[in-house]
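*Asks:* Before I ask anything, here is the structure I am working with.
The values are calculated or read from the model by the stated rules, or taken from the named source; none is laboratory data. Owing to the predicted nature of the structure, the values given are computational and were not obtained by experimental measurement. When we count neighbours, we look across all protein chains shown, and the Cβ atoms used for this are built from the backbone with ideal geometry, even at glycine. We work out accessible area using only protein heavy atoms, side chains counted, and drop any ligands, DNA or RNA first. Shrake-Rupley method; radii C 1.70, N 1.55, O 1.52, S 1.80 Å.
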Amino acid sequence: MILPITLTIAGAAAMVNIWLMIRVGQVRTSEKVSVGDGGNERVIRRMRAHANYGESLPIILILIAVIELATGSHTWLWIVGGLYMLGRIAHGIGMDGGKLGKGRMVGTIFTLLITLGLGAYAIAIPYFSTVDASTPPVTVQAG
């Protein structure tokens, strides 16, 4: 079974992860910090943006996958996945502070609301679904 939404969001998530890794490496190089954060606020901010991403991504991908498995591919699930990715990019940029610092708040709010929505929907699926999960699927044999 192919899960197009999950696969697409997971692929995009890998690209954002690489982008965040590069950003950490860039600031480490410019600030001459090779191990840890060196107590440098710029390094700490970039490292936390990357770590925070890694903390929220697994549950989001799991929820998208199980919802897609249970209900199929729906436009709203594509939108939610895309908004999550945009929110995480905004958060990564916002963690640098300055004029773009509001991106951190936007990313945090997107992540919280999306996690809440997907989690609540995943809980509701087995209780409000019109498919009887206790009945095995009917298979048809050729010939």
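*Asks:* For the stretch 4-11, just list the computed ³J(HN,Hα) in residue order, Karplus coefficients 6.51, -1.76 and 1.60, θ = phi - 60°, integers in Hz, with x standing in for Gly and Pro.
*Replies:* Result, ordered by residue: x, 5, 4, 5, 5, 5, 5, x Hz.
*Asks:* Can I ask one more? Counting pairs of alpha carbon atoms under 8 Å apart in space and at least six apart in sequence, what relative contact order in percent does the chain give? Working shown, then result.
*Replies:* On the way: 118 pairs, mean separation 34.6, N = 143.
Relative contact order of the chain: 24 percent.
*Asks:* Note down the nm distance, to one decimal, between modelled labels 7 Å out along Cα→Cβ at residue 83 and at residue 51.
*Replies:* With each label point 7 Å from Cα toward Cβ, the separation is 2.9 nm.
*Asks:* Right, another one. Note down the nm distance, to one decimal, between modelled labels 7 Å out along Cα→Cβ at residue 2 and at residue 112.
*Replies:* Placing both labels 7 Å along Cα→Cβ, they lie 3.9 nm apart.
*Asks:* What is the spin-label model distance, in nm, from residue 59 to residue 102 if the labels are put 7 Å beyond Cα along the C-beta direction?
*Replies:* Between residue 59 and residue 102, the label points sit 2.8 nm apart.
*Asks:* Then there is this: Accessible area per residue of the stretch 1-140 at 1.4 Å probe, in Å²? Working shown, then result.
*Replies:* Numbers: 8630 Å² over 140 residues.
Accessible area per residue: 62 Å².
*Asks:* Oh, and also: Tell me, what is the 1.4 Å probe accessible area of residue 48, in Å² to the nearest 10?
*Replies:* 100
*Asks:* How would 99, 32 line up by accessible area, probe 1.4 Å, largest first?
*Replies:* Values: 99 200, 32 175 Å².
Putting 99, 32 in descending order of accessible area: 99, 32.
*Asks:* When Lys and Arg each count +1 and Asp and Glu each count -1, what net charge do the other residues less than 14 Å away from residue 45, Cβ to Cβ, add up to? Walk me through the numbers before you get to the answer.
*Replies:* On the way: positive: 23, 28, 42, 46, 48, 104; negative: 31, 37, 41, 96.
That works out to +2.
*Asks:* I'd like the projected area of the stretch 6-111, averaged over all directions, using the convex hull of its alpha carbons. Report it in nm² with one decimal.
*Replies:* 6.8
*Asks:* As I understand it, the dipole of the chain uses +1 on the Cβ of Lys and Arg and -1 on the Cβ of Asp and Glu, about the Cα centre. Which of 29, 9, 53 lies farthest toward its positive end?
*Replies:* Most positive-ward Cα: 29.
*Asks:* Where the accessible area of the chain is counted over protein heavy atoms with a 1.4 Å probe, how much of it, in %, is carbon and sulfur? Before the final figure, lay out the partial values.
*Replies:* Numbers: 6220 of 9030 Å².
Carbon and sulfur: 69 percent of the exposed surface of the chain.
*Asks:* Taking θ = phi - 60°, what integer Hz values does the Karplus form 6.51 cos²θ - 1.76 cosθ + 1.60 yield along the stretch 59-67, in sequence order, with x for Gly and Pro?
*Replies:* Result, ordered by residue: 5, 5, 5, 4, 4, 4, 5, 5, 5 Hz.
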